[in-house]
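Enquirer: Okay, here's the structure, questions in a sec.
The values are calculated or read from the model by the stated rules, or taken from the named source; none is laboratory data. Predicted model only: the values in this text are computed from it and were never measured. Reconstructed Cβ throughout: ideal geometry from the backbone, glycine too, with neighbour counts over all protein chains shown. Quick note on the areas: whole protein, heavy atoms, side chains included, nothing else; ligands and nucleic acids left out. Shrake-Rupley method; radii C 1.70, N 1.55, O 1.52, S 1.80 Å.
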Amino acid sequence: MKNKRVPRAVREQQMMDAAVLTFARRGYRAASMDEIAEVAGVSKPLVYLYLNSKEELFSAVIRREATALVAAVRAAVEAGAPADRQLWSGLQGFFAHTAEHPEGWAVLHQQARTHGEPFALEVAAMRAEITEFVTGLIGAAAQEAGCDENLAEREVSGLAHALVGAAESLAEWANARPADARPSAKETAATLMNFAWTGLGPLMSGTRWSPGG
């Protein structure tokens, strides 16, 4: 009996899975379509037929991995909870996803950012969406604390950018740890909350740092 033909959509995902592994391990420049085809278990002409050039394949991989990461963060958020609980649950979703998909995170955080347009723009769009979400949470926390007049809009945005940058750096650190010493997503999220939110707490109550003490 002949094997059933694999649907195109399924085959494309298999090819992109292979591309994620190859780009993460070899880097964009060194990765070849031959190697991607071999990992996917298909012919190189089929990869070109379905996904065109290596550049288009890399862009498709970035979009897929970025979409999955944003969806994981949003799905993890504890809707209706206080702002700090929402941020806490969102961070757990972020760190859980980056830990479960280390190759995808390597493509987004390392490869895509270092090869210029259009790849860097794809990652920037993902980062902007997450940062906008975090900005909303910090702004909501300021309103809950009754200090929205003290925290200017641009300051809230700056805090959100700093928090997202810290999360990205911490995910990179966590994934680089030996497997037996790697913290859980919950532990990593707690590390960032202890670093960031304990500082935001006094800020919400009007306590500010100044060079003069």
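Enquirer: Is it the case that the stretch 57-67 has a residue that's under 13 Å from the mean Cα position of the chain (by Cα), in contact (Cβ under 8 Å) with a residue 60 or more places away in the chain and farther than 21 Å from residue 197 by Cβ? Write out each step before concluding.
Expert: Of the stretch 57-67, the ones under 13 Å from the mean Cα position of the chain (by Cα) are 62-67.
The next check asks that each one be in contact (Cβ under 8 Å) with a residue 60 or more places away in the chain; those that pass are 62, 66.
With the extra rule that they be farther than 21 Å from residue 197 by Cβ, the set shrinks to 62, 66.
Within the stretch 57-67, one or more residues are under 13 Å from the mean Cα position of the chain (by Cα), in contact (Cβ under 8 Å) with a residue 60 or more places away in the chain and farther than 21 Å from residue 197 by Cβ.
Enquirer: Any idea which of 123, 70, 107 is open to solvent by less than 40 Å² (accessible area, probe 1.4 Å), among the β-branched types (Val, Ile, Thr) and closer than 19 Å to residue 189 by Cα?
Expert: 70
Enquirer: Now for a different question. Would you pick out the residues in the stretch 31-53 that are open to solvent by 50 Å² or more (accessible area, probe 1.4 Å) and either of a type outside the set (Phe, Trp, Tyr) or outside any helix (DSSP H, G or I) (or both)?
Expert: Initially, the stretch 31-53 is screened for residues open to solvent by 50 Å² or more (accessible area, probe 1.4 Å), giving 34-35, 38-39, 41, 43-45, 48-49, 52.
Residues satisfying the conditions are 34, 35, 38, 39, 41, 43, 44, 45, 49, 52.
Enquirer: With the condition kept exactly as written, say whether any residue in the stretch 145-158 is crowded, with 19+ Cβ neighbours inside 10 Å, free of Cβ contacts under 8 Å to residues at least 40 places away in the same chain and not polar (S, T, N, Q).
Expert: So the first thing to find is which residues in the stretch 145-158 are crowded, with 19+ Cβ neighbours inside 10 Å, and the list is 151, 156.
The next check asks that each one be free of Cβ contacts under 8 Å to residues at least 40 places away in the same chain; those that pass are 156.
After this cut, where a residue has to be not polar (S, T, N, Q) as well, the list is 156.
Looking for residues that are crowded, with 19+ Cβ neighbours inside 10 Å, free of Cβ contacts under 8 Å to residues at least 40 places away in the same chain and not polar (S, T, N, Q), one finds at least one in the stretch 145-158, hence yes.
Enquirer: A further question follows. Could you list, in sequence order, the residues of the stretch 178-199 that are open to solvent by 70 Å² or more (accessible area, probe 1.4 Å) and either without any contact (Cβ under 8 Å) to a residue 60 or more places away in the chain or part of a loop (DSSP other than H, G, I, E, B) (or both)?
Expert: Step one: filter the stretch 178-199 for residues open to solvent by 70 Å² or more (accessible area, probe 1.4 Å), giving 178-180, 182, 186-187, 191, 194-195, 198.
178, 179, 180, 182, 187, 191, 194, 195, 198 - these are the residues of the stretch 178-199 that are open to solvent by 70 Å² or more (accessible area, probe 1.4 Å) and either without any contact (Cβ under 8 Å) to a residue 60 or more places away in the chain or part of a loop (DSSP other than H, G, I, E, B) (or both).
Enquirer: State whether one or more residues within the stretch 129-142 are open to solvent by 50 Å² or more (accessible area, probe 1.4 Å), under 13 Å from the mean Cα position of the chain (by Cα) and modelled with pLDDT of 90 or more. Write out each step before concluding.
Expert: Let us first name the residues in the stretch 129-142 that are open to solvent by 50 Å² or more (accessible area, probe 1.4 Å), namely 129, 132.
From what is left, the residues that are under 13 Å from the mean Cα position of the chain (by Cα) are 129.
Right, trim to modelled with pLDDT of 90 or more and you get 129.
There is at least one residue in the stretch 129-142 that is open to solvent by 50 Å² or more (accessible area, probe 1.4 Å), under 13 Å from the mean Cα position of the chain (by Cα) and modelled with pLDDT of 90 or more.
Enquirer: Here's another thing I want to ask about it. Taking the criterion of being under 28 Å from residue 141 (Cα atoms) and of a type in the set (Val, Ile, Thr), would at least one residue in the stretch 83-105 satisfy it?
Expert: Checked the stretch 83-105: at least one residue is under 28 Å from residue 141 (Cα atoms) and of a type in the set (Val, Ile, Thr).
Enquirer: Could you list all residues from the stretch 73-104 that are within 15 Å of residue 171 (Cα to Cα), open to solvent by less than 20 Å² (accessible area, probe 1.4 Å) and touching a Leu at 6+ places or on another chain (Cβ under 7 Å)?
Expert: Within the stretch 73-104, 91 is the sole residue that qualifies.
Enquirer: Which of the residues that make up the stretch 171-186 are under 13 Å from the mean Cα position of the chain (by Cα) and farther than 11 Å from residue 99 by Cβ?
Expert: Answer for the stretch 171-186, where residues must be under 13 Å from the mean Cα position of the chain (by Cα) and farther than 11 Å from residue 99 by Cβ: just 172.
Enquirer: Hey, can you tell me all the residues within the stretch 187-198 that are among the hydrophobic types (A, V, I, L, M, F, W, C) and more than 17 Å from the chain's Cα centre (by Cα)? Talk me through it step by step, then tell me what you get.
Expert: The initial filter retains those residues of the stretch 187-198 that are among the hydrophobic types (A, V, I, L, M, F, W, C), namely 189-190, 192-193, 195-197.
Once the filter is applied, which keeps residues that are among the hydrophobic types (A, V, I, L, M, F, W, C) and more than 17 Å from the chain's Cα centre (by Cα), the stretch 187-198 yields 190, 193, 195, 196, 197.
Enquirer: Of everything in the stretch 110-120 that's in contact with a helix residue (DSSP H, G or I) (Cβ under 9 Å, 6 or more places away or on another chain) and surrounded by fewer than 18 Cβ atoms within 10 Å (Cβ to Cβ), which residue is modelled with the highest pLDDT?
Expert: So the first thing to find is which residues in the stretch 110-120 are in contact with a helix residue (DSSP H, G or I) (Cβ under 9 Å, 6 or more places away or on another chain), and the list is 110-115, 118-120.
Filter once more, so that each one left must be surrounded by fewer than 18 Cβ atoms within 10 Å (Cβ to Cβ): 110, 113-115, 118, 120.
Working: 110: 86, 113: 75, 114: 73, 115: 70, 118: 78, 120: 83.
Top of the filtered list is 110.
Enquirer: While we're looking at this one, here's another question. For the stretch 73-102, enumerate the residues that are touching a Gly at 6+ places or on another chain (Cβ under 9 Å) and farther than 15 Å from residue 186 by Cα.
Expert: Here is the first cut: in the stretch 73-102, the residues touching a Gly at 6+ places or on another chain (Cβ under 9 Å) are 73-78, 83-84, 86, 97-98.
Within the stretch 73-102, 74, 75, 83 qualify.
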